Every structure is written in C-alpha cells, then in structure tokens.
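Student: Take a look at the following structure, please.
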Amino acid sequence: RLPIAFQGRPEEPLPTYWGNDNSTNTDAGHYMGIIVLILALFGFWRNRHIPMVVGLAIAGLLGLVLSWGGNFPLVYDIFYNVFPLFDKFRAPSQLLVMLEFVGPILAGFGAASLLAAAKEPASGLTTLARNFRFGSIGAVAFALIGLVVGGSYASAMAGDTLLQSIYGGTVPTDVIDAVYTIVRTDWLLTALFAGVFCFLASRFVAGKMGGHLLMAAVIVMTAVDLWRVDARAMIKNQPKAAAFAVYTETEADRMLKTDTTTYRVADVTRGPTHPAYHLHQHIGGYSAAKMRRYQDLMDITAQGSTSMPGPGVAWDILNTKYLISPQPAAATDRQVGPNLFLRTSTMPRAWF
C-alpha cells in the first residue's frame with residue numbers, strides 16, 4: 001500500500017513550482033531605468049495617433065497586468081482558462097519581458113519626439129519646458145517622500161509574516177537595515193536621474209542646450225542607472241580556484257566510484273551540482289524545463305522543491321542506492337563510509 005502522499009490528489013493546494021501564479025517575488029530585478037520609463041510615456045503620448053505605438057503600449061500594459069498572475073485574477077484567469085497553451089507557462093512574472101521589450105522602443109519614439117519638439121511654435125515649447133520643470137520638482141518631492149517613509153518601511157518589514165517565518169519569529173535588525181539601505185539608495189537615485197533628466201530636457205526645449213548634449217547625457221545616465229542594478233548579481237563573483245574548491249573529492253565520492261553497478265545517489269549535504277561534478281547519477285538537479293511528471297513527484301513529496309524528490313518510496317522507485325548525508329533518512333539505511341549510507345529499500349530501475 002502506497003503512502004498517503006501517493007494515494008491521489010492532496011486535499012489542500014501544494015506550493016507547487018510550476019504554475020505558482022500567486023508568487024509575489026522574482027529571482028532577479030526587472031528593470032528598464034527611470035529615464036527609459038519617462039521617455040516611453042512621453043513617446044506614447046506624443047505619438048498616440050500612430051497605430052503601431054498604440055499597439056506597443058497595449059502589449060506592454062498587458063504584459064504588466066498578466067505578470068501579476070493570481071494576484072489579479074480578473075485578467076489572468078481569463079487567459080489561463082481560455083487561451084491555448086497559456087497554462088503551460090511556469091512563472092507569470094516573466095511576462096514582464098513584454099513591458100521591458102516595448103518600453104525601450106517607445107522610449108525611442110519619445111527621444112525622437114523630444115528632439116523634434118525644438119521645431120514647434122514658441123507657445124508649445126513654453127508649455128513643454130514648464131511641464132519638464134514640474135517633472136524636476138516632482139522628482140525632488142519623490143526623494144523627500146522616500147526619506148520620510150523610512151520608519152514605516154522598516155516597521156512593515158518587521159511585521160511581515162513571510163520574513164518572520166523565515167527567521168523564526170523576529171526579523172533581525174541588521175537584515176531590516178540592510179534591505180532598507182538598498183531601497184533608500186534606489187529611491188534617491190531614481191529621483192536624482194529623473195530630476196536631472198527633466199531639468200536637462202526643459203533646458204533643451206527652452207533652446208539653452210543642444211540636442212546632441214542632451215542625448216549624450218541620457219545615454220550616460222541610463223547606462224549608469226542600469227549598470228548599478230545589473231552589477232548586483234556579480235558582487236559575489238570569486239576566482240575560479242576558490243569557486244571549484246568546494247568540489248574537492250571526499251571519501252564518499254571515492255567509495256561511490258568503486259561501485260560499478262547501476263544506481264543513483266541522493267546528496268542532501270552539498271547540493272545537486274556536487275554529485276554532477278563527480279559524475280554520480282543523482283536524483284536531483286535543477287532545470288527550468290524539466291519533465292512535468294518529475295516536478296509533480298517533487299511537488300507531492302518535497303512541497304514544491306526544485307532540487308529533488310523527498311525521501312521514502314520516491315527515492316526507492318528512483319533506484320536511489322546511496323545517501324550522502326551526516327545521518328540516515330530511514331532506520332534501514334546502513335552506514336558504509338563517512339557521510340555515506342547504503343539504502344537497502346531501493347528498487348532496480350524500470351523503463352516504460
């Protein structure tokens with residue numbers, strides 16, 4: 001008789017990996033840059049009579065709304081239930097790429113429209129220059145708001161139930177301070193870039209600055225704005241020798257290489273890349289497009305894990321002969337080496 005987890009659909013929804021349409025976060029920042037965003041909005045407004053521009057704007061807005069997933073079911077559920085293959089997408093947040101694709105194109109329209117505005121009648125230029133000056137004032141106000149709400153942001157983090165569950169009750173003060181420092185820096189730099197751009201645009205429209213100089217400033221500020229976000233993922237880079245030092249062969253690895261039979265390994269101590277490095281056949285490992293049935297197995301036995309199925313009968317049917325772990329996973333596991341256990345309940349491989 002199979003364990004309860006294998007006797008049909010669970011009564012409560014599982015935190016599945018595929019199709020988790022209620023996710024509230026992403027692994028990496030989706031960012032275009034504030035100047036690109038301002039130019040995109042300006043480009044749409046100035047060229048809203050062009051069908052292509054309207055189509056681009058609709059596509060970008062649709063991508064933004066759909067990226068909210070189950071947090072905005074009014075639109076998402078229609079696409080999920082009606083449009084063919086839409087329910088095969090894993091992460092709704094990735095639909096933000098539609099907005100990030102459309103945004104720079106509309107920003108190009110905006111830059112062209114801004115440069116062409118110098119040829120407009122004086123009355124129109126005066127209004128446009130005034131609007132950009134208002135934009136600079138708005139950027140200053142935005143910066144001040146960021147400084148004022150700092151205490152509220154920290155309080156919200158301290159009371160966040162997800163963070164409390166991660167840290168076992170109380171969110172550490174140093175974590176709150178570190179996150180708020182990043183948020184405050186982003187907030188102020190966004191205000192700075194927006195304010196400077198609007199000020200330079202108002203100077204250009206007023207005829208006190210050349211178009212080439214304006215576009216050069218836009219390119220430099222946008223590159224800096226994008227790089228400061230992109231570079232965060234590379235902060236933890238380390239030399240190759242240090243990075244590969246973690247793959248040093250252990251006694252368990254050497255013992256496994258002497259077993260010439262057909263088997264798989266479950267390594268719960270070092271992560272899936274370590275057994276792969278030593279060419280052990282491992283039941284885990286990450287793929288963004290793994291077989292759905294295998295992910296179902298992980299969802300049922302390991303609560304939506306992206307690394308490997310949970311222990312028990314799942315390991316048995318996957319021909320998991322050895323367990324690399326400081327301690328056994330079952331009473332029948334027999335230790336045969338340092339951090340190495342022989343699983344006596346494993347089954348031979350079967351193919352269908």
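The values are calculated or read from the model by the stated rules, or taken from the named source; none is laboratory data. No experiment lies behind these values; they were computed from the predicted model shown. Because the Cβ atoms are built from the backbone with ideal geometry, glycine has one as well, and the counts that use them run over all protein chains shown. Accessible surface is based on the protein model in full, side chains and every heavy atom, while ligands, DNA and RNA are left aside. Shrake-Rupley method; radii C 1.70, N 1.55, O 1.52, S 1.80 Å.
Student: Above 27 Å lies some portion of the pair distances; for the chain, what is it as a whole percent of all C-alpha pairs? Let's see the in-between values first.
Tutor: Numbers: 40106 of 61776 pairs.
Result for the distance tail: 65 percent.
Student: Using the Cα centre as the reference, give the magnitude of the dipole from point charges on the C-beta atoms of the chain (Lys, Arg: +1; Asp, Glu: -1; all else neutral), rounded to the nearest 20 debye.
Tutor: Magnitude of the dipole: close to 780 debye.
Student: Given 0.36 nm per residue, what is the gain on full extension from residue 62 to residue 180 after removing their alpha carbon distance, in nm?
Tutor: Details: separation 118, 0.36 × 118 = 42.48 nm, distance 3.07 nm.
So the extension gain works out to 39.4 nm.
Student: Looking only at segment 208-352, where both bridge partners belong to it, what percent of the DSSP beta bridges are antiparallel (to the nearest 5)? Walk me through the numbers on the way to the answer.
Tutor: Values: 6 of 11 bridges.
Around 55 percent of the beta bridges assigned by DSSP in segment 208-352 are antiparallel ones.
Student: Run through the DSSP bridge list for the chain and note the antiparallel percent, rounded to the nearest 5.
Tutor: In the chain, DSSP labels about 55 percent of beta bridges as antiparallel.
Student: Expected output is a single nm value to one decimal: the length gained when fully extending between residue 286 and residue 344, i.e. 0.36 nm times separation in residues minus the C-alpha distance. What is it?
Tutor: So the chain would gain 18.2 nm between residue 286 and residue 344.
Student: Per-residue counts of other Cβ atoms within 10 Å, averaged by peptide: what ranking do you get for 89-101, 195-207, highest first?
Tutor: 195-207, 89-101
Student: Per 0.36 nm of contour for each residue apart, how much would the distance between residue 331 and residue 229 grow if the chain were fully extended, relative to their Cα-Cα spacing?
Tutor: Numbers: separation 102, 0.36 × 102 = 36.72 nm, distance 4.91 nm.
Answer, rounded to one decimal: 31.8 nm.
Student: Farthest toward the dipole's positive end in segment 192-245, which of 194, 238, 209, given Cβ charges of +1 (Lys, Arg) and -1 (Asp, Glu) about the Cα centre?
Tutor: 238
Student: Among the lysines, select those whose C-alpha is under 28 Å from the C-alpha of residue 236, and discard any that sit fewer than 8 residues away in the same chain.
Tutor: Within reach: 290.
Student: Once every DSSP H run of n ≥ 4 in the chain is given -39500 (n - 2.57) and the sum is divided by its residues, what mean residue ellipticity at 222 nm do you get, rounded to the nearest 500 deg cm²/dmol?
Tutor: Helix contribution divided over all residues of the chain: -17000 deg cm²/dmol.
Student: Check every DSSP H run in the chain and write down those whose alpha carbon atoms cover 27 angstrom or more along the long axis and whose mean Kyte-Doolittle hydropathy is -1.0 or greater. Working shown, then result.
Tutor: On the way: long enough: 96-116 (30 Å, 1.88); 122-148 (39 Å, 1.22); 173-205 (47 Å, 1.22); 211-230 (28 Å, 1.26).
Both cut-offs are met by 96-116, 122-148, 173-205, 211-230.
Student: Additional query: With the full set of protein chains in place, find how many percent of the accessible area of the chain is carbon and sulfur; take the probe as 1.4 Å.
Tutor: In the chain, the share of accessible area belonging to carbon and sulfur is 65 percent.
Student: Take each of the peptides 145-157, 36-48, 180-192, average the number of other beta-carbon atoms within 10 Å over its residues, and list them starting from the highest. Present the calculation step by step, with values, prior to reporting the outcome.
Tutor: Values: 145-157: 12.8, 36-48: 19.9, 180-192: 15.8.
Packing order, densest peptide first, comes out as 36-48, 180-192, 145-157.
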